[in-house]
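Undergrad: I'd like to ask some things about the structure below.
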Amino acid sequence: MLKMIKPKSDFSRNVLTLMTGTTIAQALPMAAAPILTRVYTPEDFGIFAFYFAIVSILGVLVTGRYELAIVLPKRRDDAYQIVMLSCAISIFVSILTFLIIWIFESQIALLLDNPVITTWLYWIPLSIFLMGIYQSLYYWFNREKAYKNMSASRVLQSSMTLSSQIGFGFLTKLSTFGLILGQVLGQTLATFYMSLKFFKQSKRGHKPNRLKQFVLAKRYINFPKFLLVSHSMNATCMQLPVIFFNILFTSSVAGLYLLIQRVIGTPMSIVGGAIGDVFRQSASKAYAERGECVSEYKNTFKKLLMISSIPFGVFFCTAPDLFAIIFGENWSEAGKYAQILTPMFFLQFISNPMSNMYLIAEKQKKDLYLNVILFIVTLLPFILAMNLPMSVENVIFCFSLFYSFVYVGNLIVTFGFAKGR
């Protein structure tokens, strides 16, 4: 019986391996949330969220985005040198961040209008250092098809983070520090695990070569040149809707939208992210060898279409009732908003994994253009709402419609990249 349901293709097995680890890693915080909310106050979570937001923003800068180039070179040693380059940049940026915090500590606290943050500012350099090393090694293992290592590292990080945060909360009453220390310990364990696996695997004939790293840094200069700005804008786009719903309507609307993002976004990120990781590896290899990856693109597109058509179709028909049953009548309005957004989420689920073509085909400049368009599209419905009498439903409809057009256009563009254009 188990043999019958076991995935037969390498692609399906790899996706399942990544999905399993990611699902567990994301399910654990949800399961632990009722405990964490009883040992930490809302203020604790607020300060931790502030801390994590700063770390996440700096995490985009810490490697110069060179880790995204690790899957591209034909020669394994070139990929190894990019890992070393990415790690070296992470060390430099982390030290620079520490020095800036040390010199301008009081000014930073004054700028952020929160003197309490000075007590945990110095944890930021450590967090972004660990993030940079982990990201570099993650893409190395993606290149090597070591999906079990990638999956295990996510579970280890989530498990250590939560167990530490719960333990610190119950045993030491460290408040916000318990949350921050737990996060750092989780990062440390995951990075240590990946480092051990990496050095064991890469000690066969690979040595750091600064000259090679310099040459490869110039070869892949478009990654920091375009992706740093592009990915920063992408992160901004993710936060703008909640901000504007708060400003233009009410916090309740923002809360409904946030629930929709979590309910639909979590499974989308688990499945789509795993498929995207596997597609990136197989398409990168094909593109390096043949100069195109049309068959890999088409196969992945078909799989995404098959996986998503029925679930999104059912969700579209049942969303209002589904939200009312699961979350209560108070959340039934979120189901109506989710129904309007379903076409956008459907196209987003298919489009996002295929966007790896921007990296594979080294079209970083066009990726920047895409994120500029997304930024404008995100703002446009709210600009209209500022100048026209529009209901929440109308704003959400415009938001869904505009984004749907962008995702369709993105699929057309990325398919052109797959052809080697």
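The values are calculated or read from the model by the stated rules, or taken from the named source; none is laboratory data. Everything numeric here is computed off the predicted structure, so don't read it as measured data. When we count neighbours, we look across all protein chains shown, and the Cβ atoms used for this are built from the backbone with ideal geometry, even at glycine.
Undergrad: Tell me, which residue of segment 207-226 that is charged (D, E, K, R) and at pLDDT 90 or above is surrounded by the fewest Cβ atoms within 10 Å (Cβ to Cβ)?
TA: Applying the filter and picking the extreme gives Lys218.
Undergrad: Okay, next question. Hey, does segment 178-185 have a residue that's surrounded by 17 or more Cβ atoms within 10 Å (Cβ to Cβ), among the hydrophobic types (A, V, I, L, M, F, W, C) and at pLDDT below 75?
TA: No, every residue in segment 178-185 fails to be surrounded by 17 or more Cβ atoms within 10 Å (Cβ to Cβ), among the hydrophobic types (A, V, I, L, M, F, W, C) and at pLDDT below 75.
Undergrad: Could you identify the single residue in Ile350, Ile360, Ile373 that is farther than 20 Å from Ala274 by Cα and in contact with a helix residue (DSSP H, G or I) (Cβ under 9 Å, 6 or more places away or on another chain)?
TA: Ile373
Undergrad: Condition (residue is among the β-branched types (Val, Ile, Thr) and in contact (Cβ under 8 Å) with a residue 40 or more places away in the chain) applied to segment 97-113: is it met by at least one residue?
TA: Looking for residues that are among the β-branched types (Val, Ile, Thr) and in contact (Cβ under 8 Å) with a residue 40 or more places away in the chain, one finds none in segment 97-113, hence no.
Undergrad: From Lys366, Lys303, Lys336, grab the single residue that is basic (Lys, Arg), closer than 14 Å to Val263 by Cβ and in contact (Cβ under 8 Å) with a residue 12 or more places away in the chain.
TA: After applying the criteria, what remains is Lys336.
Undergrad: Please return the ranges of helices (runs of 4 or more DSSP H) entirely within segment 85-171 where 1 or more residues are buried (at least 22 other Cβ atoms within 10 Å of the Cβ) and of a type in the set (S, T, N, Q).
TA: Helices (runs of 4 or more DSSP H) meeting the threshold: 123-143, 147-167.
Each row is one residue, and each column tells you yes or no for (1) on the phi > 0 side of the Ramachandran plot; (2) at pLDDT 80 or above; (3) of a type in the set (Val, Ile, Thr); (4) not in a loop (DSSP other than H, G, I, E, B).
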{"position": "Leu36", "(1), (2), (3), (4)": "no, no, no, yes"}
{"position": "Phe48", "(1), (2), (3), (4)": "no, no, no, yes"}
{"position": "Phe52", "(1), (2), (3), (4)": "no, no, no, yes"}
{"position": "Gly59", "(1), (2), (3), (4)": "no, yes, no, yes"}
{"position": "Val71", "(1), (2), (3), (4)": "no, yes, yes, no"}
{"position": "Lys74", "(1), (2), (3), (4)": "no, yes, no, no"}
{"position": "Asp77", "(1), (2), (3), (4)": "no, yes, no, yes"}
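Undergrad: Exactly one of these conditions fails for Ile270: (1) among the β-branched types (Val, Ile, Thr); (2) surrounded by fewer than 15 Cβ atoms within 10 Å (Cβ to Cβ); (3) in contact (Cβ under 8 Å) with a residue 12 or more places away in the chain. Give me its number.
TA: With respect to (1) among the β-branched types (Val, Ile, Thr); (2) surrounded by fewer than 15 Cβ atoms within 10 Å (Cβ to Cβ); (3) in contact (Cβ under 8 Å) with a residue 12 or more places away in the chain, Ile270 is out only on (2).
Undergrad: OK, next. For segment 63-84, give me the residue count where each residue is more than 24 Å from the chain's Cα centre (by Cα) and surrounded by 21 or more Cβ atoms within 10 Å (Cβ to Cβ).
TA: Here the count works out to 1.
Undergrad: A further question follows. Would you confirm, using the coordinates I've provided, whether Phe223 is part of a helix (DSSP H, G or I) and touching a helix residue (DSSP H, G or I) at 6+ places or on another chain (Cβ under 6 Å)?
TA: Yes.
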